[in-house]
Structure formats: structure tokens, C-alpha cells
Amino acid sequence: MPVASGSLSAARRSAWRGALCAVLVFTAIHTWQHGIDLGTGIAALLALLAGGLAAAPGRGEPVPRSDAAPGRGRHGLAEALLANIPDPVILIDRRALVIESNAAARALLPSLRPRHPLSFALRDPDVLDGIETVLRTGEPLKTLYSPRVPTERTFEVQIGAMQGGEAGRAGPNVVLFLRDLTSAQRLETMRVDFVANASHELRTPLASLLGFIETLQGPARDDAKARERFLGIMRVQALRMTRLIDDLLSLSRIELRAHVPPTQAVDVGPLARQIADALGLIARERGVTLTLDAAPGPLRVLGDRDEILRVIENLVENAVKYGGDGGRVEIRLGLRDAEEGRAPEIEVAVRDEGPGIAPEHLPRLT
């Protein structure tokens, strides 16, 4: 028996209204229970897309022009929004066949194909078991997916069931939203290592200070000679902690300005003379002769004054400490001629008479 086109049009509009109502109800309940998140919005979008697919006219069914255009417009808008979501999103049915995916998902899983099982492209047991659990219980869950090829990465996979699947197919569809946690985990690992290393370096001088303070408050309270010796050691330990804190602050400043090119010109000559004067006392105590040979005139480079000062200080201090007692440390500053395609360069060279570093260990230096 023929069916009037007006009845079909009304049916399509009813299906769209049903899908939209389902989206609104789902979003409202989820927001009330869990708050608003990106996964909720994506699930709502895919539900609307699935509802549009279900409401699309079947083959051979007459549809008036005025009713067909809005449906195609909504469907195209949902696909455009899905394509512009930066995180991988995958929609599958009850049989775990892929219904829809965005470009990010296809880039992550090159084997992903529509109407093919998801397990062909994603073979993670935790994710596949999570899909079965969601289909069985209807409750959303989260799990981790950690591919190791071509690089090791970690994703949090949010799996949720949603009604509004294809016409004639029982049960809900399942949406997978993958959020990349790789950078966050690396930062967390760096933070934990940083705290552990800083705590280890500060623990020793703090323990020394506490021990000497207890001694001065107790047995050595009236011993002037011991008090002077202990106060000297405490000063050395306090200076050590100060240097550690300065190093940490310097590291933070370097990381903060890692991608900011310097704009200030710094004369390296006065910085080298300042370091030579500051470390002269330590050199004399070790019997080391410290000399400075600088080319005449200003030797300017673009850079941060404190950072350049720290580089020269580290080089000279290491030479004085590990160059051997009674040796000689030479600091040389000069201007290197410009090479092809490169501007003239300032050269800072620090030479000592220590044992040096074996060639096999040189690649380990930074």
C-alpha cells in the first residue's frame, strides 16, 4: 500500500526530535551526576549523528525536498564537528563494528575501517573488555591504552554507551574518546624525580647543621675553640644549600625562557675577570695558579648576563677543583674570525693540568 510522503516526512521529523530529546536527557543526567566534560559533549554529538543516520530516508522512499535539506544539513554539521575534534573519537555498534571515527582516530589507528571490527585496528584487551562491560551494564568506564609503536604513548580511554543507534538494531552504540596523557605523565615523572633529587641533595647539609647545632647547645656550649670550628663547618653547609637553591632557580628561569631568543648584548670580558677574582682565593688555597688572558676591546654576545656568568664560573671552578693541587688554570678569551655563512664568534677556553676525561666517556658529557 503506498505511503504518503507527508507521513514519511512527519516520521523523520519525529525521529530527529526523539534523537535530540535523548541527547538532551543524556547530557542533563550526566552533567548532574558528573559535571560537564568534553567526553559528554562528544557523546551527545555522536548520539545526534547516530540519530540522524537512523532518521535518514531509506532507499526508494519518497522524501519531499523541503524536509530532506534540514536532515542533510544537521548530519553534515555533526560530521564537521566530529572531524575537528583534536582527540581520537570512535563510534561502534553492539558487535564492535566501527560506525564512525574522526581524523585523529584514523591517524592513531591506520587500520581503522568503517564496518570492520574495532579489534582489527585496536588489539588492547583492557579496551575490548571495557567495551563488553559497558554493553552489559550500560555504565561508562575509563581505562588506559598504551601503544608502543611507533613511539610509546599513553591514552585514557573513556567508554560510554548511548541510545539512538541505527534503525532496527537493538541495544546502544558505544563511543570511545581517547585523551593523550603522554605529556602529562612525562611531566609528572620529571616532577617526582626533581623532588626526590632535590630532597636528597638538601638532606645531607641539613643533617649536618642540625647535628652541629645540637652539639653547640650541649657538650660544646662553653668550648670556644669547638664553637668556632663548628660554626665554620655550618657556614660551609649553609652556602652549599644556597648554591643548590640558586641552581634550582636558575634551572626554572632557563626552562621558562627556553624558547625566547636573547636581545641584550653582554660583554664577556668583565664577567671572566669577575670569576677569576672570585675564585682566586680558592685557587690559592689549593696552590693553583689562576691566570686570565683576554683579547683587548669589548667581546659582546647576545645572551643573559647571569647565565653566561654561571657557565664561565662552572668551567673555572671545575678546573680549580679537579685540575690537581699545585697546577695551573688558564682562562683565555678571544674573537674567532667569521666563517662562511656565520658571524664572528667569542671563544672562552679554560685549560687545566688535570688527568682529563677518557675518550670513551666524552659522549656522556652534556
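Side notes on the structure shown:
- The set of residues from region 122-155 being within 24 Å of R94 (Cβ to Cβ), of a type outside the set (D, E, K, R) and assigned to a loop (DSSP other than H, G, I, E, B) comprises L122, G138, P140.
- None of P355, P363 is open to solvent by 80 Å² or more (accessible area, probe 1.4 Å) and without any contact (Cβ under 8 Å) to a residue 24 or more places away in the chain except P363.
- Here region 337-365 is the region considered, the condition is being within 37 Å of the chain's Cα centre (by Cα), aliphatic (A, V, I, L, M) and assigned to a loop (DSSP other than H, G, I, E, B), and the residue that is nearest to T291 (Cα to Cα) is I357.
- Scanning region 196-227 for residues that are within 50 Å of the chain's Cα centre (by Cα) and more than 21 Å from R240 (Cβ to Cβ) gives a single hit, Q217.
- Flag for V268 being touching a residue at least 60 places away in the same chain (Cβ under 8 Å) and within 21 Å of L333 (Cα to Cα): yes
- Checking V329, V320, V348 one by one, the residue that is of a type in the set (A, V, I, L, M, F, W, C) and under 26 Å from R253 (Cα atoms) is V348 and no other.
- The lone criterion from (1) within 30 Å of F194 (Cα to Cα); (2) not in a helix (DSSP H, G or I) left unmet by L290 is number (1).
- Any hit, region 291-299, residues being over 27 Å from G323 (Cα atoms), open to solvent by less than 90 Å² (accessible area, probe 1.4 Å), in contact with a Lys or Arg (Cβ under 9 Å, 6 or more places away or on another chain) and touching a residue at least 40 places away in the same chain (Cβ under 8 Å): no
- Residue satisfying condition, being within 27 Å of L309 (Cα to Cα), at pLDDT 85 or above and in contact with a Leu (Cβ under 6 Å, 6 or more places away or on another chain), within set A238, A272: A272
- Hits in region 89-112 - residues which are part of a loop (DSSP other than H, G, I, E, B), under 17 Å from V134 (Cβ atoms) and open to solvent by less than 40 Å² (accessible area, probe 1.4 Å): D93, A96
- Residue within region 322-336 that is of a type outside the set (S, T, N, Q), loosely packed, with under 15 Cβ neighbours inside 10 Å and part of a helix (DSSP H, G or I) present: yes
- Single residue of region 157-203 satisfying the filter (at pLDDT below 85 and buried (at least 19 other Cβ atoms within 10 Å of the Cβ)) that is nearest to E255 (Cα to Cα): M162
- Yes/no for I233 being under 24 Å from R310 (Cα atoms), assigned to a helix (DSSP H, G or I) and either open to solvent by less than 80 Å² (accessible area, probe 1.4 Å) or in contact with a His (Cβ under 7 Å, 6 or more places away or on another chain) (or both): no
- From the list Q274, Q264, the one residue that fits, being surrounded by 11 or more Cβ atoms within 10 Å (Cβ to Cβ) and either touching a helix residue (DSSP H, G or I) at 6+ places or on another chain (Cβ under 9 Å) or of a type in the set (D, E, K, R) (or both), is Q274.
The values are calculated or read from the model by the stated rules, or taken from the named source; none is laboratory data. Quantities reported herein were computed from a predicted structural model and do not represent experimental measurements. Ideal geometry is used to build each Cβ from the backbone, glycine not excepted, and the neighbour counts take in all protein chains shown. The area values use the complete protein model at the heavy-atom level, side chains included, leaving out ligands, DNA and RNA. Shrake-Rupley method; radii C 1.70, N 1.55, O 1.52, S 1.80 Å.
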